[in-house]
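The values are calculated or read from the model by the stated rules, or taken from the named source; none is laboratory data. All values reported here derive from a predicted model rather than from experimental measurement. Note that we place each Cβ from the backbone using ideal geometry, even for glycine, and neighbour counts take in every protein chain shown. Remember, those area values only see protein heavy atoms, side chains included, never the ligands or the DNA or RNA. Shrake-Rupley method; radii C 1.70, N 1.55, O 1.52, S 1.80 Å.
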Amino acid sequence: MNPQTPHDAPHGTPYDLVGVGIGPFNLSLAALADGVPDLKALFLDARPAFSWHPGLLLDGTTLQVPFLADLVTMADPTSPWSYLNYLRHHDRMFPFFFSERFLIPRREYDHYCRWVAERLPSCRFDAEVTAVTWDDAAGAFAVTHRSADGATERVLARQVVLGVGTTPVVPEPLRPLLTDAHRGRVLHSADYRDHRDTLAEADDVTVLGAGQSGAEVVLDLIRRQDGDGRGGPFVRWLARTPAFAPMEYSKIGLEHFTPDYIRYFRGLPEERRERLVREQWQLYKGVSVETLAEIHDEMYERTIGGGRPRVDLHPGVELRAVEADGDGYALTCHHGQQDRSFTFRTSAIVAATGYAATRPAFLDAMGDLVDWDARGRYRIDDRYRVALDPRVDGTLYVQNAEMHTHGVGAPDLTLGAWRAAKILNAVCGRTVLPVPERAAWTTFGAPEGPAVTGSPAASGDDVPVPAERLPDPIGPRR
């Protein structure tokens, strides 16, 4: 256990803030909070050290956001925890400058975050949170955590922020096969790096999912084939999306990742928000243009001399059933546009099917004090506060569990420092870091002001109410 630091609260005294989970988003909050005098903060994580998607830290992969979307710069470019200061600390400013990089290697981002986490006095690893409860007598949250050797500790906090991240999503037909008997042959892409050598020796590998992770797994497997395309696994890429499409990366399109769009999205009715998230899949589930081009180039190379790539691409296909078949698997799929089903056999399956927020078990004791929505999700206001029972005087915040209330920017690193600054200001009850509320040139929703001639208002039809005037979807409880 770490020794007491200046950010620790005296024994029995509540912390101002306790963070559960130390991924990029809570690490961003910890880094920004480090500069606030007299703020007593503690961040806990079960892992022995910081690690960011280790199963997909492949050579040559990069972030999909610019290096300025580090832990702090978009909220405080003067912070000592910036990526540029990390480079300076490692004597790499000139090499970085000459490399003319805007998108940095994923492995480097992981190393940068680890560098920050190891130096922040408020971050404590080997501390698995087992329970968060409300202590009426103390007027604070009680956070119980346990180390790997079984030692437990209970700390109090006036405010708690959940940054536990998301968990891998696996299609229902595959779930019965996630057992030791199929280990290394049926897996989520989160575990790909641990099994890539075994998969490279398989006869046939099927990858599910048309996002960046799926594309990177496909590219890596193709590159494990022999130069003439004869050796290595046959690679099959399946996706429910109608195309293997590039992620939206236009300068105007990226304005969906601004405070302006969050404000607009929050004002929409719930059923419209649900539909929008599904329709906007290219904003967060697409593939970088560069990765798609690399896949195409690898396949083209294999046509030299009259060959054919040992790769099949199948968009618009949904997995319906899977059965173990000898030393492989029989997959039944359905093509939506043709309304046709087909079956094929494969040796291994990698589900690059994304991640989703789930309710952590340590909140079970708080279950009746959290105002869950009809689908069992958090109800979250504009400062990322969770709606709680009125008898709870403390505040519970969440990070990266609010796509249903705040839109597609929830998991995106671009908004990480901005959101952390919003939470930090709310925690401190004052503006510690000014944050822009207007950052886009796009006007999302109908413009305010007098009706324009010929508009629906002039003909007597209803006009959408600007987002700022719509009722708060959280309601009056918080």
(request) Among the lysines, select those whose C-alpha is under 24 Å from the C-alpha of residue 251, and discard any that sit fewer than 8 residues away in the same chain. (result) 285
(message) Please compute the contact order of the range 172-314 in relative form: average sequence separation of alpha-carbon pairs under 8 Å and at least six residues apart, divided by the residue count, as a percent.
(response) 28 percent
(request) Give me the percent of Cα-Cα pairs in the range 143-245 that sit more than 25 Å apart, rounded to a whole number. (result) 40 percent
(request) Give me the angle, in degrees from 0 to 90, between the Cα long axis of helix 416-428 and the longest principal axis of the Cα atoms of the chain, rounded to the nearest 10. (result) 20 degrees
(message) Can you give me the long-range amide H partners of residue 186? Hydrogens built in the peptide plane at 1.01 Å from N, cutoff under 5 Å, separation of 5 or more residues or another chain.
(response) 349
(message) At a threshold of 8 angstrom on Cα-Cα distance, excluding pairs fewer than six apart, so keeping six or more, what relative contact order does the chain reach in percent?
(response) 20 percent
(message) Output wanted: per-residue J couplings in Hz (rounded whole) for the range 393-398, from phi through Karplus 6.51 cos²θ - 1.76 cosθ + 1.60, θ = phi - 60°, x for Gly and Pro.
(response) 7, x, 10, 10, 10, 9
(request) Would you work out the charge dipole size for the chain about its Cα centre, treating the Cβ of every Lys and Arg as +1 and the Cβ of every Asp and Glu as -1, and quote it to the nearest 20 debye? (result) 280 debye
(request) Send over a whole-number figure in Å² for the accessible area per residue of the range 211-365, probe 1.4 Å. (result) 50 Å²
(message) Name the residue from 311, 447, 333 whose Cα lies farthest towards the positive end of the charge dipole of the chain, charges +1 on Cβ of Lys and Arg and -1 on Cβ of Asp and Glu.
(response) 447
(request) Taking the chain as the reference, fit the longest principal axis to its C-alpha atoms, fit the long axis of helix 270-279 to the helix C-alpha atoms, and give the angle between the two in degrees, 0 to 90, nearest 10. (result) 40 degrees
(message) Under 5 Å between amide hydrogens, which residues at least 5 positions from residue 320 or on another chain qualify, with H placed 1.01 Å from N in the peptide plane?
(response) 332, 333, 334
(message) Along each principal axis of its Cα atoms, how long is the range 261-391 end to end? Whole angstroms, biggest number first, please.
(response) 73, 39, 30
(request) Order these peptides, 434-447, 379-392, by their mean beta-carbon neighbour count within 10 angstrom, highest first. (result) 379-392, 434-447
(request) Report the net charge of residues surrounding residue 326, where surrounding means a beta-carbon distance below 15 angstrom and charges are Lys +1, Arg +1, Asp -1, Glu -1. (result) -3
(request) Using R₀ = 41 Å, calculate the FRET efficiency as 1/(1 + (r/R₀)^6) where r is the Cβ-Cβ separation of residue 373 and residue 300; round to 0.05. (result) 0.25
(message) I'd like the per residue volume of the convex hull spanned by the Cα atoms of the range 52-155, given in cubic angstrom.
(response) 161 Å³
(request) Could you work out how far helix 24-33 tilts from the main Cα principal axis of the chain, as a 0 to 90 degree angle to the nearest 10? (result) 30 degrees
(request) Starting from the alpha-carbon convex hull of the range 114-185, give the projected area averaged over all orientations, in nm². (result) 8.5 nm²
(request) Give me the lysines in straight-line cross-link reach of residue 422: C-alpha distance below 18 Å, same-chain residues under 8 apart excluded. (result) 40
(request) With θ set to phi - 60°, apply the Karplus curve 6.51 cos²θ - 1.76 cosθ + 1.60 along the range 123-138 and write out the HN-Hα couplings as whole Hz, x wherever there is a Gly or Pro. (result) 8, 10, 9, 6, 9, 7, 6, 9, 7, 10, 10, 9, 9, 4, 5, 7
(request) Hey, can you grab everything whose amide H is under 5 Å from the amide H of residue 247? Only 5+ residues off in sequence or another chain; H modelled, so Pro and N-termini drop out. (result) 287, 288, 289
